[in-house]
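Each value in this text was obtained by applying a stated rule to the coordinates, not by laboratory testing. Computed from a predicted structure; not experimentally measured. Glycine gets a Cβ as well: all are built from the backbone with ideal geometry, and neighbour counts include every protein chain shown.
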Amino acid sequence: MLLHLPIVILAAFSPVAVSDAVPKFDIVRECRFEGGSTVEFDRCSQDEAAALEQLKANWAQFAGVDKSTCLSAATIGGFPSYVELLTCLEMSRDLARADDSPRGSTKPQPMQPGGHESTVGVGHGPTTLSGER
């Protein structure tokens, strides 16, 4: 949870405006920054172009707050990336879906105090800290 705190803080104070259209990034600059051979540059360009097409097709489905947060995260290094933006938006969307899931909470449950037993593997009974059953 604390790992996302800097992103949240930056997004809250970000001067980046989110519009109804996918932002325009310089793919050539991003792929040159990545460095490498011509093959790697071409692969980077293809990945960025594919991510841009997915963003164009799904932009309206993403929440405004997620667009703002992810746009800030994708542009923080000075070399914005459609792949990073798409990945962030998809993770945010999937997390929101998991939170709304009717199957119950997907959040980890706290450990219960006082229990010194643990179960190891399938079909094994609980053992104490000394290894006794």
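Structure values in brief
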{"read-out": "Karplus 3J(HN,Hα) series, Hz, for segment 74-89 with 6.51 cos²θ - 1.76 cosθ + 1.60 (x for Gly, Pro)", "value": "6, 10, 5, x, x, 10, x, 9, 5, 5, 5, 4, 4, 4, 4, 5"}
{"read-out": "Two-site label geometry, D26 and R93: point separation in nm, points 7 Å out along Cα→Cβ", "value": "2.9"}
{"read-out": "Under Karplus coefficients 6.51, -1.76 and 1.60, residue-wise ³J(HN,Hα) of segment 40-47 in Hz, glycine/proline x", "value": "5, 4, 5, 5, 4, 4, 5, 4"}
